[in-house]
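Student: Shown below is the structure under consideration.
The values are calculated or read from the model by the stated rules, or taken from the named source; none is laboratory data. These numbers were taken from a predicted model, which means no experiment stands behind them. Using ideal geometry, Cβ is built from the backbone for each residue, glycine included, and neighbour counts are taken over all protein chains shown.
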Amino acid sequence: MTPQPPEQSAERGQRRWIYALDVKGTYQQIHRWTGRALQVILVVVPWITVAGRPAVRIDLPARRLYAMGGVFTAQDTILLVLMGLAAAFTLFLFTALYGRLWCGYACPQTVFLEEWIRPIESWLEGSRSLRMARDRLPWSRSIGGARLWDKVWRRGAKWTAFALVAATVAMAFMTWFVGARVIWGGQASPVSYGLTGVLALGMFVDFTWFREQFCNYLCPYARFQGALTDTESLVVAYDDLRGEPRRAVPAKNPPIQASVPQTGACIDCKKCVAVCPQGIDIRGGFQLECISCARCVDACEDVFAKLREKDPNVGPALVGYTALQPASVFRPRTLAYGVLLAVILGSFGMLLAEHHHIAANLDRAPGMLYVIDPDGWTRNTYLLQLTNNEHVPNRYEVTMSEMPSSAEITAPAVVVEPGKTVVMPVIVRIPPHTSGARTLPLMLTVAGGDDAITLATTFKTSGG
């Protein structure tokens, strides 16, 4: 995991290690706030309960999703699909409008690298130039001297800090599946802690070595984001019309009456390259590796702010958020994404309004449609399957409607444990000569806890 200096990497054809220069500015302050918001969501939300249920938890063994007081099971797959589609089209819409905002400001990979890993690295190993100089010195030239100890303790302290961050993030991530009080209290299963260890190991490798390669080679968003943007999307770009040529130098012996080439506004300080966590030169145009983190924007603005102190006529910075042509919010691409997103959210809202914590299914008992009892009453028998999707036991009662007032129902109340399913018989009878119709409408209402669900069926008789 020892980083290779740029010169050695180029010679050996190996990976070129990136030493991102620290930078401050407006967009980096925005990074701070979005990063903190993401970390609060990751750490705090699993501790919150709504109506006695976890605010958010993905209970894979029980195949249940808790979300803001609601409980969703495998029978609610359509709702889960719509939630996924809504998240996807929201990402598509914002990418079409504002480019890779997710990558630059909300992606966990970016947030943890910028909020924890790079600050720890700078604190323990010093500035960018010191890190480059220390890594440029081979280990063999440090053996037996203070330089070896300097490299050992700094590298060891850094990797130890990275391991602690990885373990903490892995534990916080697993609380979304196991429960914060369970996993932090040491009550989770060995499998849960084993998965936490595997996740922490993967994060440690990412923090210490993989880093920007995750964005370049593993993340699928980098591959299809080009299809989501167009010339009107807001992206980080370099103003080459004002910036070029960067450092035009007139010829030593120019011909008579020859004009001296005009120098562009770019002073070729390369600070925009030094701060880039992806190791690209934004002046080379749009590149797949760019995550729109705007570090180069803040770096260029910092340089031009100093230039304006000396010359007030210096224009704005050369790197910034811009579109290749005048942008319009309402264009075919964004309208299509917006309409599809509205349809998905509307469908989700209607289905959510009809969602119940009780899962019930009513079938007619196998055999005859009806039975004439010895007392002359007509009897229909049903099988009611009840599932309690709550996290506490509930007592359920069954009542009927739409039937003659003389009809009677036999359906004893039943207590169902959380996540359990019971099948109970429901018997409905009507006295002789109650109705001449062969088929009567029947509505059964199942109520328990704070929810109720109505099931429609029919009652068969010998009439007609």
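Student: Is one or more of the residues making up the stretch 329-336 surrounded by 15 or more Cβ atoms within 10 Å (Cβ to Cβ), within 27 Å of the chain's Cα centre (by Cα) and of a type outside the set (Ser, Thr, Tyr)?
Tutor: For the stretch 329-336, residues surrounded by 15 or more Cβ atoms within 10 Å (Cβ to Cβ), within 27 Å of the chain's Cα centre (by Cα) and of a type outside the set (Ser, Thr, Tyr): present.
Student: Return the only residue of 360, 365, 407 being under 45 Å from the mean Cα position of the chain (by Cα) and of a type in the set (Gly, Ala, Ser).
Tutor: Going through 360, 365, 407 in turn, just one is under 45 Å from the mean Cα position of the chain (by Cα) and of a type in the set (Gly, Ala, Ser): 360.
Student: Are there any pairs with C-beta distances below 9 angstrom linking a residue in the stretch 321-337 that is closer than 14 Å to residue 231 by Cβ to a residue that is at pLDDT 90 or above and β-branched (Val, Ile, Thr), with the two at least 6 apart or on different chains, and if so which?
Tutor: 322/235; 322/236; 323/235; 324/235; 328/334
Student: Considering each of 87, 96, 62 in turn, give the residue that is out of contact with any Phe, Trp or Tyr (no Cβ under 9 Å at 6 or more places or on another chain) and not in a loop (DSSP other than H, G, I, E, B).
Tutor: Sole residue among the options that is out of contact with any Phe, Trp or Tyr (no Cβ under 9 Å at 6 or more places or on another chain) and not in a loop (DSSP other than H, G, I, E, B): 87.
Rundown of residues vs (1) in contact with a Phe, Trp or Tyr (Cβ under 8 Å, 6 or more places away or on another chain); (2) part of a loop (DSSP other than H, G, I, E, B); (3) in the same structural domain as residue 105 (by TED's automatic domain parsing); (4) within 21 Å of residue 26 (Cα to Cα), yes/no style:
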| site | (1), (2), (3), (4) |
| --- | --- |
| 276 | no, yes, no, yes |
| 283 | yes, no, no, yes |
| 289 | no, yes, no, no |
| 293 | yes, yes, no, yes |
| 298 | yes, no, no, yes |
| 304 | no, no, no, yes |
| 307 | no, no, no, yes |
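Student: Here is a list: 238, 221, 217. Which entry is crowded, with 17+ Cβ neighbours inside 10 Å and either touching a Leu at 6+ places or on another chain (Cβ under 7 Å) or modelled with pLDDT under 90 (or both)?
Tutor: It is 238.
Student: A follow-up question, please. Could you figure out which of (1) surrounded by fewer than 17 Cβ atoms within 10 Å (Cβ to Cβ); (2) assigned to a loop (DSSP other than H, G, I, E, B); (3) among the small types (Gly, Ala, Ser) isn't true of residue 419?
Tutor: Every listed condition holds for residue 419 apart from (1).
Student: Is there any pair with a first residue in the stretch 177-189 that is farther than 15 Å from residue 61 by Cβ and without any contact (Cβ under 8 Å) to a residue 40 or more places away in the chain and a second that is among the aliphatic types (A, V, I, L, M) and in a helix (DSSP H, G or I) whose Cβ atoms are under 9 Å apart and which are 6 or more apart or on different chains, and what are they?
Tutor: Close Cβ pairs satisfying both conditions: 184/171.
Student: On to the next question. Residue 228: in contact (Cβ under 8 Å) with a residue 40 or more places away in the chain and surrounded by 14 or more Cβ atoms within 10 Å (Cβ to Cβ), yes or no? Give the derivation first.
Tutor: Numbers: in contact (Cβ under 8 Å) with a residue 40 or more places away in the chain: yes; surrounded by 14 or more Cβ atoms within 10 Å (Cβ to Cβ): yes.
Yes, satisfied.
Student: Please find, within the stretch 71-82, the residue that is nearest to the chain's Cα centre (by Cα) out of those that are touching a residue at least 40 places away in the same chain (Cβ under 8 Å) and surrounded by fewer than 17 Cβ atoms within 10 Å (Cβ to Cβ).
Tutor: Per the stated criteria, the residue is 78.
Student: Can you tell me which residue is surrounded by the fewest Cβ atoms within 10 Å (Cβ to Cβ) among those in the stretch 43-65 that are more than 23 Å from residue 168 (Cα to Cα) and of a type outside the set (D, E, K, R)?
Tutor: My answer is 52.
Student: Would you please name the residue that is farthest from the chain's Cα centre (by Cα), looking only at residues in the stretch 250-291 that are polar (S, T, N, Q) and modelled with pLDDT under 80?
Tutor: 257
Student: Could you check, for the stretch 212-232, whether at least one of its residues is farther than 30 Å from residue 95 by Cα and among the hydrophobic types (A, V, I, L, M, F, W, C)?
Tutor: Among the residues of the stretch 212-232, not one is farther than 30 Å from residue 95 by Cα and among the hydrophobic types (A, V, I, L, M, F, W, C), which makes the answer no.
Student: Test residue 176 against the criterion of being assigned to a helix (DSSP H, G or I), touching a strand residue (DSSP E or B) at 6+ places or on another chain (Cβ under 8 Å) and not basic (Lys, Arg), and give yes or no.
Tutor: In short, yes.
Student: Continuing with the same structure: So which of 160, 168, 196, 90 ends up being in the same structural domain as residue 335 (by TED's automatic domain parsing), buried (at least 19 other Cβ atoms within 10 Å of the Cβ) and among the hydroxyl-bearing types (Ser, Thr, Tyr)?
Tutor: 196
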